[in-house]
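The values are calculated or read from the model by the stated rules, or taken from the named source; none is laboratory data. What you see is a predicted model, and the numbers here were worked out from it, not measured in a lab. As a convention, Cβ positions derive from the backbone with ideal geometry for all residues, glycine included, and neighbour counts pool all protein chains shown. Remember, those area values only see protein heavy atoms, side chains included, never the ligands or the DNA or RNA. Shrake-Rupley method; radii C 1.70, N 1.55, O 1.52, S 1.80 Å.
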Amino acid sequence: MRIGKTEIQAGEKRTGFLPVEGNGASPPFTVIRGGEGKTALVTAGVHNAEYPGIQAAIELAEELVPEQVKGTVIIVPLVNVSGFERRTMSTVYEDGKNLNRVFPGAVLGTAADRTAAAVVSELFSRADCYIDLHAGDGYEDLHPYAYYVGPVDKKVRETSFQMARRVNAEYLVESSCTTGGAYNYASAAGIPSILIERGGRGLWSREEVEEDKNDVRRVLSYFGILEGEAEPVREQTVFREVVYENAPESGCWYPAFRPGERVRKGDTLGEIRDYFGRTVHVCTAKGDGVLLYQTVSLTLLKGGPMAAYGLWPEEG
Ligand SMILES: [Zn+2]
């Protein structure tokens, strides 16, 4: 196996940098290649301020050894390097783009497009399954959950769902989106994929890192790549409908709930006030469900997220 300039033989563990044409910021990767088996891809830092996944991926790359691996594990702990090193809140430094909205990217595009194109050509081309580690952005707080994509090939959907079942999160979201996001694009391209959301606010904790690592290990065990516990660890509720409330204008934001709390139709989720303290918008819940994440910075940007909540599945 060869990724960029790095050659990886069976029984080897190698590190390298993903070549991105015409772009200085090359994502670091580690490949752990054991004997025959499936190839799993794990990425983090597509959004560079989402730290628990980045730290979990760094540690997994250190911990896994070829002797434990049946197949191959490719780990990219930090996809958006330039954003991380300029401490942007999850956009690519050179072009200001959200990397998770540009997949499959373009070789002749701007920095984000080129990075996405390199991930697709060098990594998706080899992956039998894909896990993308995220969190709330630096200004967001979040209750852990995982996404898989619904409207794709039935077998890909079922395998993705089984991957999500191995995540230690109370809620799953079946996305209806097959474009833009890395895992959405990968799923539509036939690679069973999930996105795990855990943590936020520009923080990371030992507990979150261990949870992320355990999730990844269970999914790898499900595919027979690792030995170990491969069964689901909890009951989960699947949301097929999520309401993403975006701000009608910029201002100060005063949320009323915490992620993980139940909300009811008509509840005030938060208020936007102007710089004189006057309420200019009240965000109300459109149905009954659970708050998955919300902005927690005082700053609220027009068109940016206020809150997102899953709606309970219809009875019967
Ligand atoms: Zn993210």
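For the chain, take the longest principal axis of its alpha carbons; what is the angle in degrees between that and the long axis of helix 51-63, to the nearest 10 within 0 to 90?
It works out to around 20 degrees.
Could you state the accessible area per residue of segment 2-222 in Å², with a 1.4 Å probe and every protein chain left in place?
Accessible surface, normalised per residue, equals 38 Å².
If you wrap a convex hull around the C-alpha atoms of segment 97-235 and split its volume per residue, what is the figure in Å³?
112 Å³
Cα centroid distance between segment 258-282 and segment 95-127, in Å?
Each part reduced to its Cα centre gives a spacing of 36 Å.
I'd like to check one number: the per residue accessible area of segment 241-311, probe 1.4 Å, reported in Å² as a whole number.
With the other protein chains kept in place, segment 241-311 gives 52 Å² per residue.
Binning at 10 angstrom from zero up to the longest distance, how are the C-alpha pair distances of the chain distributed in percent?
The percentages, shortest bin first, are 6, 27, 35, 22, 8, 2, 0.
So which lysines pass the test for LYS97, namely a Cα distance under 25 Å, with those fewer than 8 places away in the same chain ruled out?
The qualifying lysines are LYS302.
Please enumerate, by chain and number, the lysines with C-alpha under 29 Å from the C-alpha of LYS155, excluding those fewer than 8 residues away in the same chain.
Answer for LYS155, where 29 Å is the Cα cut-off: LYS38, LYS70, LYS213, listed by chain and number.
Using +1 at the Cβ of each Lys and Arg and -1 at the Cβ of each Asp and Glu in the chain, identify which of PHE239, ALA186, LEU41 lies farthest towards the dipole's positive end.
Result: ALA186, furthest along the dipole toward the positive end.
Beyond 19 Å, how much of the Cα-Cα pair distribution for segment 241-311 remains, as a whole percent?
That fraction is 25 percent.
Over all directions, how big on average is the projection of the convex hull of the alpha-carbon atoms in segment 1-141, in square nanometres?
For segment 1-141, the mean projected area of the Cα convex hull comes to 7.8 nm².
In the chain, what percentage of the DSSP-assigned beta bridges are antiparallel, given to the nearest 5?
65 percent
Kindly write out, for segment 220-225 in residue order, the coupling ³J(HN,Hα) from the Karplus curve 6.51 cos²θ - 1.76 cosθ + 1.60 (θ = phi - 60°), rounded to whole Hz, with x marking Gly and Pro.
4, 5, 4, 8, x, 6
Which whole-number percent gives the relative contact order of the chain, counting Cα pairs below 8 Å spaced six or more residues apart?
16 percent
Pick out, from VAL73, LEU298, ALA135, the residue whose Cα sits farthest towards the positive end of the charge dipole of the chain, with +1 on the Cβ of Lys and Arg and -1 on the Cβ of Asp and Glu.
Looking along the dipole axis, the top candidate is VAL73.
Using the Karplus equation 6.51 cos²θ - 1.76 cosθ + 1.60 (θ = phi - 60°), what ³J(HN,Hα) coupling, rounded to whole Hz, does each residue of segment 73-79 give in order, writing x for Gly and Pro?
Values, residue by residue: 10, 10, 10, 10, x, 8, 7 Hz.
Just for the Cα atoms in segment 161-316, what are the lengths along the principal axes, largest first, rounded to whole Å?
In descending order, the Cα extents are 59, 40, 29 Å.
Report, in debye and to the nearest 20, how large the dipole of the chain comes out about its Cα centre when Lys and Arg carry +1 and Asp and Glu carry -1 on their Cβ.
Dipole about the Cα centre, nearest 20: 440 debye.
Can you give the longest stretch of the chain with no exposed loop site, where a site means trypsin sites (Lys or Arg not before Pro) in a DSSP loop (not H, G, I, E or B) with at most 12 other C-beta atoms within 10 Å?
Result, exposed sites excluded: 88-233.
For segment 112-184, which GluC sites (Glu not before Pro) pass both filters: DSSP loop (anything but H, G, I, E, B) and at most 16 other C-beta atoms within 10 Å?
In loop regions of segment 112-184 (DSSP not H, G, I, E or B), the sparsely surrounded GluC sites (Glu not before Pro) are GLU170.
With each label point set 7 Å from Cα along the Cα-Cβ vector, what nm distance links ARG273 and THR178?
Inter-label distance under the simple model: 4.7 nm.
For labels at ARG87 and GLN68 in the simple 7 Å Cα→Cβ model, what's the distance in nm?
Taking the two extended label points, one gets 3.3 nm.
Can you give the angle from 0 to 90° between the axis of helix 154-165 and the longest principal axis of the chain, with both taken from C-alpha atoms, to the nearest 10?
The two axes meet at around 80 degrees.
Over the chain, with every protein chain in place, what whole percent of the accessible area is carbon and sulfur at 1.4 Å, could you tell me?
47 percent
Could you derive backbone 3J(HN,Hα) for segment 123-134 from the dihedral phi with the Karplus parameters 6.51, -1.76 and 1.60 (θ = phi - 60°), listing whole Hz in sequence and x where the residue is Gly or Pro?
Going residue by residue, I get 10, 4, 4, 10, 7, 8, 7, 9, 10, 10, 9, 10 Hz, with x marking Gly and Pro.
Sort out for me the Cα centre separation of segment 138-167 from segment 33-75, rounded to whole Å.
Using only Cα atoms to place each centre, the spacing works out to 18 Å.
Between the DSSP loop rule and a limit of at most 11 other Cβ atoms within 10 Å, which chymotrypsin sites (Phe, Trp or Tyr not before Pro) in segment 241-299 are left?
Answer by residue number: TYR275, PHE276.
Taking the convex hull of the Cα atoms, report for segment 160-240 its projected area averaged over all directions, in nm².
That works out to 6.1 nm².
Within segment 231-316, list the GluC sites (Glu not before Pro) lying in a DSSP loop whose Cβ has at most 16 other Cβ atoms in a 10 Å radius.
Those satisfying the criteria are GLU235, GLU241, GLU249, GLU261, GLU314, GLU315.
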